[in-house]
Amino acid sequence: MVNKIQELKEKALKELETVNSAKELQDLKVLYLGKKGPIQELMMGMKDLSKEERPAFGQAVNEVKSFLEQKMEEARKVIEEKELALRLENEKIDITLPGFKMEQGNLHPLTLMQRELEDIFIGMGYTVEEGPEVEYDLYNFERANIPQDHPARDMQDTFYINAEKLLRTHTTAIQTRQLEAANGKLPIKMICPGKVYRRDDDDATHSHQFTQMEGLVVAENITLADLKGTLEFMAKKVLGESSKVRFRPSFFPFTEPSVEVDISCHMCGGKGCNVCKGTGWIEVLGAGMVHPDVLEMAGIDSSKCSGFAFGVGVERIAMLKYGVDDIRHFYTDDVRFLKTFNRFE
Ligand code: DAH
């Protein structure tokens, strides 16, 4: 019997030597020391021995059992250390390797320009309003004093959707909506930025879709001088403190008087260069005093109050400010172009 115990011990030790993972060790432990293992079997067999034999046998089995337990525990520690060392080796990070550079985007130049303009006017107490791009003829033309068959309709070649609906040709459509929505409540002091559409052939200075920002102020005693001061303030903020503004008579059906607004050339300071085509001035927007008929159509009493309005091309201002020579750059999404605007954020 005792021999059998010794044999078992040696066999277990030999097998223990070949173990190299925690899993194998656990399997071996279950095999020898588990409930169905040979040690347990020997313990069970004790009942068949005589009373005298039992103590010595029991002691021998227990000794082997704790001996094997101890050896397995030692083996466990060695294996764990080995496994840990291996894991550390495998998971080693070479912190000297250069990392992957994250590509970071930046705001589109038109977004930058629009936000800058909005900030300037918000600073003067204006609200920012929006309107639909698919618009009724009513708001785009009729309410802007451009009735059906009026020759001024030819000034803006229009994408019609049906007889009543079109893609708005100017943000003046938002102006006429806002005049109506005010429901006679004054003052009105707002800007309305948005996309507009025209059936133009695209070239360096024209696009079938572009961005405008309308300005509108209606209250008592609003004059052309208020318009001039406001636009001069805008020009100084956007293109530099030395900027000047001049008005030239013009015509729009929705304003009377109407003016074309020039800003002194920020490139040459007014001396004349190829940006301003030698004139020292650059035409940037249309403006005027809101036509009394436009106020009346929106239910506003034109004998008691007056207003000014202007419509500025956001691309036009952005091209001047950033020195962009072709409007199409804004829409073709060439990252080499777009990336250069991270310096303005
Ligand atoms: N709607 C005009 C255009 O698109 C621009 C404009 C001119 C807007 C004069 C105005 C204005 O509000 O008063 O050409």
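Counting 0.36 nm for each residue step from residue 26 to residue 339 and taking away their Cα separation leaves a gain of 106.7 nm.
Between residue 35 and residue 94, the C-beta separation translates, for a Förster distance of 56 Å, into a calculated FRET efficiency of about 0.70. Comparing 99, 125, 194 in a Gaussian network model of the chain (Cα springs below 10 Å), the most mobile by mean-square fluctuation is 99. Summary value for region 109-344: 21 percent relative contact order, contacts being C-alpha pairs under 8 angstrom separated by 6+ residues. Between the beta carbons of residue 303 and residue 181, assuming R0 = 22 Å, the FRET efficiency works out to 0.50 to the nearest 0.05. Our summary gives region 18-138 a relative contact order of 21 percent, counting only alpha carbon pairs under 8 angstrom and 6 or more residues apart. Taking other C-beta atoms within 10 Å as the exposure proxy, 87, 168, 76 rank 87, 76, 168 from fewest upward.
Cβ crowding within 10 Å ranks 174, 263 as 263, 174, fewest other Cβ atoms first. Here the extension length gained between residue 130 and residue 155 equals 6.7 nm, from 0.36 nm per residue of separation less the Cα-Cα distance.
Tell me whether the chain comes out rounded, prolate or oblate; compute the Cα gyration tensor, take square roots of the eigenvalues as a ≥ b ≥ c, and use a/c under 1.5 as the rounded threshold. Here the chain falls in the prolate category. Taking the centroid of alpha carbons for each part, region 66-115 and region 5-50 are 39 Å apart.
Over the chain, with a Gaussian network built from C-alpha contacts below 10 Å, which listed residue (152, 298, 85) shows the highest mean-square fluctuation? For the chain, modelled as a Gaussian network with Cα springs under 10 Å, the answer is 85. Between the alpha-carbon centres of region 132-193 and region 196-247 there is a gap of 17 Å. Ordering 169, 176, 230, 205 from the fewest to the most neighbouring beta carbons within 10 Å gives 205, 230, 169, 176.
No value in this document is a laboratory result; all are computed from the given coordinates. All values derive from a computational prediction rather than experimental measurement. Neighbour counts run over all protein chains shown; Cβ positions are idealised from the backbone, glycine included.
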